[in-house]
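Since every read-out is calculated from the coordinates, none of them should be taken as a lab result. None of these values were measured; they are calculated from a predicted model. Here the Cβ is made from the backbone with ideal geometry for all residues, glycine too, and neighbour counts use every protein chain on show.
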Amino acid sequence: MARLAYRRALGILINAGGFSQNQAMRDRYMPGTSVLWSQTPEGDTGDMHQELERIGGLLAQMDQLVGYQMTPAPGWDQTYVAPGAQSMTGKPHAILVDQSGQRYMNEGGSYELYCETMRKRNALVPAIPSWAIVDRNYVELYAIAGKYIDKTIPDGWIESGYLHTANTIAELASSIKVNPATLNATVARWNGFVAKGVDEDFQRGARAYDNCGFVGDPFSAQRALGAIDKGPFYAVPVVPGDVSTYGGVVTDACGRVIKAEGQVIAGLYATGTTTASVIGNVYVGAGAASVLPWSSAISPPRHAAGL
Ligand SMILES: Cc1cc2nc3c(=O)[nH]c(=O)nc-3n(C[C@H](O)[C@H](O)[C@H](O)COP(=O)(O)OP(=O)(O)OC[C@H]3O[C@@H](n4cnc5c(N)ncnc54)[C@H](O)[C@@H]3O)c2cc1C
């Protein structure tokens, strides 16, 4: 592990990234997640989190990650961005269910909220992986893991157990080891909401975000809603991948590292994903993962610098 040995004359600024690539730290702080699903650089080992903790730094929000739901299709070798699943389960003719066969969220949520909801659900009901359930209508219009499979299913997708397909929802449920009656009921309930035009359970489609092209389909009649009623039916797993962790050492407004007892460690500064996110566990949008303290160590505000 890297060790800090520093002189105080000018101070030291730690900007060593998060800990997405450290499975032991994941198991400790965010159990159920895997380095295999992370898209972060290999340097995000958390070595500085461990060192900062060792010298007395206060760690916070360590259970938070900037999730990015993905579907681990065969052939993905982690050398490129993993196939995302947000544009998949938020589309018409698609839902997400846990391993009991029940929906548990508005599938159009932000990727951070989506994965957090998945992790919270997993504490109650097995939900990692969850299953994307789609029908023939879906595959004629939209992609799975970036591939259009209506005419040709990519080699290995069925043989490897990644893609499940069946002529009825009950058979599909058996294939993914979900109770057929539960999945039948979930799909019937969803189709009832689609007929009414209102998702009474999770209000999917009620927000403009649900209906945008990235998540839903503004060119479809019901934009975020669509019945799952035309066989064959398909299922693929969805897991809570990530693009960053969100926890780390706590700093004051000037970026100085704070000890558990509350005082600062003189001359030691930290920023970026080495620190606990300054906006807490809320992901307000793209750019939020690496938000810096508003008064960074490099450029403190005028009053903090005594100017
Ligand atoms: C595919 C992808 C898409 C993303 N999209 C978005 C987005 O749209 N919006 C957004 O806000 N964020 C996004 N992110 C997240 C964002 O990239 C990160 O939050 C951000 O890069 C973190 O910046 P950082 O400087 O804190 O750490 P990093 O960029 O991880 O840099 C830390 C560096 O420190 C190095 N390091 C580690 N330990 C040591 C050590 N002991 N000594 C020296 N060097 C060390 C690491 O190798 C690394 O190079 C995305 C990430 C990925 C992977």
- line: Relative contact order as a percentage, the stretch 67-241, C-alpha pairs under 8 Å and 6+ apart, gives 36 percent
- line: Proxy exposure order for His164, His49 (fewest C-beta within 10 Å first) is His164, His49
query: Using the count of nearby Cβ atoms within 10 Å as a rough guide to exposure, how do Tyr209, Tyr68, Tyr29 rank from fewest to most?
result: Tyr209, Tyr29, Tyr68
message: Run the Debye formula on the Cα coordinates of the chain, all scatterers equal and no solvent, and tell me log10 I(q)/I(0) at q = 0.10, 0.14 1/Å.
response: -0.61, -0.99
- prompt: Relative to the longest principal Cα axis of the chain, at what angle does helix 111-122 sit, 0 to 90 degrees, rounded to 10?
  reply: 80 degrees
- line: The alpha-carbon center of the stretch 210-287 and that of the stretch 173-205 are separated, in whole Å, by 27 Å
field: Projected-area average for the stretch 99-216 over all orientations - Cα convex hull basis, square nanometres
entry: 7.9 nm²
query: What do you get when you divide the Cα radius of gyration of the stretch 93-150 by 2.2 N^0.38 Å, with N the number of residues?
result: 1.20
Whole-Hz ³J(HN,Hα) from phi, Karplus 6.51 cos²θ - 1.76 cosθ + 1.60, for the stretch 19-28, glycine and proline x: 10, 4, 8, 10, 5, 5, 5, 4, 4, 6
message: Could you check the spin-label model distance between Leu124 and Thr152? Points 7 Å from the Cα along Cα→Cβ, value in nm.
response: 4.4 nm
task: Take the Cβ-Cβ distance between Leu36 and Thr182 as r, set R0 to 25 Å, and report the resulting FRET efficiency rounded to the nearest 0.05.
output: 0.30
Given charges at Cβ of Lys, Arg, Asp, Glu: the chain dipole, positive-most of Gly18, Pro232, Ala181: Gly18
- request: Quick one: among Thr71, Thr33, Thr275, which has the greatest mean-square fluctuation in a GNM of the chain with alpha-carbon springs under 10 angstrom?
  value: Thr33
- prompt: What dipole magnitude, in Debye to the nearest 20, does the chain give about its Cα centre under +1 on Lys/Arg Cβ and -1 on Asp/Glu Cβ?
  reply: 600 debye
message: To make sure I understand, if each residue's beta carbon is the centre and we count other beta carbons within 10 Å, what order do Leu172, Leu124 fall in, fewest to most?
response: Leu124, Leu172
